[in-house]
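Okay, structure first, notes after.
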Amino acid sequence: MNHIARPTLPRFERCLLTTVGRLVPVQDRDEWSRTWQAELWYMHQRSHHRHISPLAGITDLSIGLMRDALWLRTEGWRLNFSDTATLCLASLLVLSLLSSLIALVLAGSWDSLRPYLRDQWMRSVIAAPYIVLVLYATASRRHTAQRSITKWFSWVKRQFFFVVKTLQILFLAFLLSIAVCVPLHRPFPLTADLMQLFAFVLFGLIGLRWAIHDQEQRCKHCLRSLTTPARVGRPSHNLLEWNGTELSCKHGHGLLSIPEMETSWCQYSHWIDLDVSI
Amino acid sequence: MTSVPRLSHSAALILKALSLGYCFGLDIMEITGLPSGTVYPALRRLERDGLVESKWEPEDEATASQRPARRYYEVTRSGKTAATAATQRYPLLARLLPEKRS
């Protein structure tokens, strides 16, 4: 085992490194600490040789090590959460909160918003199943066939995510429609009620259409969005060979082949499992 | 064909300093005048994007000179392409930094 020499630093800097080091992800912490111990040691040496106060340099480096640690932490989060189902649901939740905040600001007070919300909520709850029904009746059947044999747990997880996403989108559509129509409610109550219902249906349809598209373009195992789209085949050879787009899971679980045009021998998207260990 | 990433002025300055032979974080801070809070996260980003790579000095060599080993950075091939593109984008960069004397 290699013995790594650690430079001796003043007590304050050692404490700072230990404290700020807690922000750094565990797997990077040792290397981060080693890097900064060396940088601080050299900082002291240069200050000593140039007969300048190390205080300004140390203050600057303290900010640097803090920002460096924060960067590593946020980068860790980015790698863990980017394109995940959790991030998708969290984003929808944030959008819902923002919409309700806008509705509240436009209504002026909670007391004036509450009765309007209550009345429109019932109408929207009745309209919501019809939106879902219309959407499924008119949805393209192109992506419904999946030839993959996935485990039941993955299937349940995927369906659960889709149900939660659908409910969140309907709720967001409701809040958005309220935010759009609440300023009209006082001068034109009937028009505002009707407009709210139309807006809810419109936002709901757009949102759910996106939800279906998003669901199709996620990994069937980890539910991350598929990336790196690649064009395969030539459109001019459509009658002779397959052409379309291939998307892959960045964790290597599988590949989704989406045909450019529906043909008798290639009507549906195909999910191909690449990771046999799952 | 690989696309050349567009760099911010600070990132381009740091990459230029690295390509001129300033390979330690502290050296880059001194020559560019950028604060450490900009230099170190920028070096991490450049490394993540594959424009630079970091290595550790040999431990024995550092111990023999009674100092700790340091992490140093080198510009990769795509980093050199990006540095050239950045110099074209920010023409004054070439005049801002002197070449390091060995």
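Read-outs throughout are calculated quantities, based only on the coordinates presented, and are distinct from any laboratory measurement. What you see is a predicted model; the values in this text were computed from it and never measured. When we count neighbours, we look across all protein chains shown, and the Cβ atoms used for this are built from the backbone with ideal geometry, even at glycine.
Computed quantities for the displayed model
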{"item": "Interatomic Cα distance distribution for the stretch A:235-275, bins of 5 angstrom, percent", "result": "6, 24, 27, 19, 13, 9, 2"}
{"item": "Cα radius of gyration and Dmax for chain A (Å)", "result": "27.6, 82"}
{"item": "Förster radius 35 Å - calculated FRET efficiency between A:R209 and B:K80 (Cβ-Cβ, nearest 0.05)", "result": "0.15"}
{"item": "Contact order normalised by residue count of the stretch B:8-51, Cα under 8 Å, 6+ apart, percent", "result": "37 percent"}
{"item": "Cβ-based exposure ranking for A:W36, B:W56, in which fewest neighbours within 10 Å come first", "result": "B:W56, A:W36"}
{"item": "Shielding by other protein chains, A:30-42, mean Cβ within 10 Å", "result": "4"}
{"item": "Span-rule helices in chain A, defined as complete DSSP H runs reaching 20 Å or more along the axis (Cα) with Kyte mean at least 1.0", "result": "A:85-107, A:152-185"}
{"item": "Average beta-carbon neighbours from other chains, 10 Å sphere, peptide B:48-54", "result": "1"}
{"item": "Cα-projected label distance for A:T138 with A:A230, points at 7 Å along beta-carbon direction, nm", "result": "3.7 nm"}
{"item": "Per-residue Cβ neighbour rank within 10 angstrom, fewest leading, A:M195, A:M261, B:M29", "result": "A:M261, A:M195, B:M29"}
{"item": "Efficiency of FRET between A:Q159 and B:S8 - r from beta-carbon atoms, R0 51 angstrom, step 0.05", "result": "0.70"}
{"item": "Sorted by Cβ density within 10 Å, fewest first, the residues B:Y90, A:Y116, A:Y136, B:Y22", "result": "A:Y136, B:Y90, A:Y116, B:Y22"}
{"item": "The stretch A:85-216: Rg to Rh, with Rh as the Kirkwood radius over Cα pairs", "result": "1.05"}
{"item": "Average partner coverage of B:37-45, which counts Cβ from other chains inside 10 Å", "result": "6"}
{"item": "Count of lysine pairs in chain A with Cα separation under 14 Å (8 or more residues apart, or interchain)", "result": "4"}
{"item": "Mean residue ellipticity (222 nm) of the protein assembly as shown, computed from DSSP H runs ≥ 4 via -39,500 (n - 2.57), nearest 500", "result": "-20500 deg cm²/dmol"}
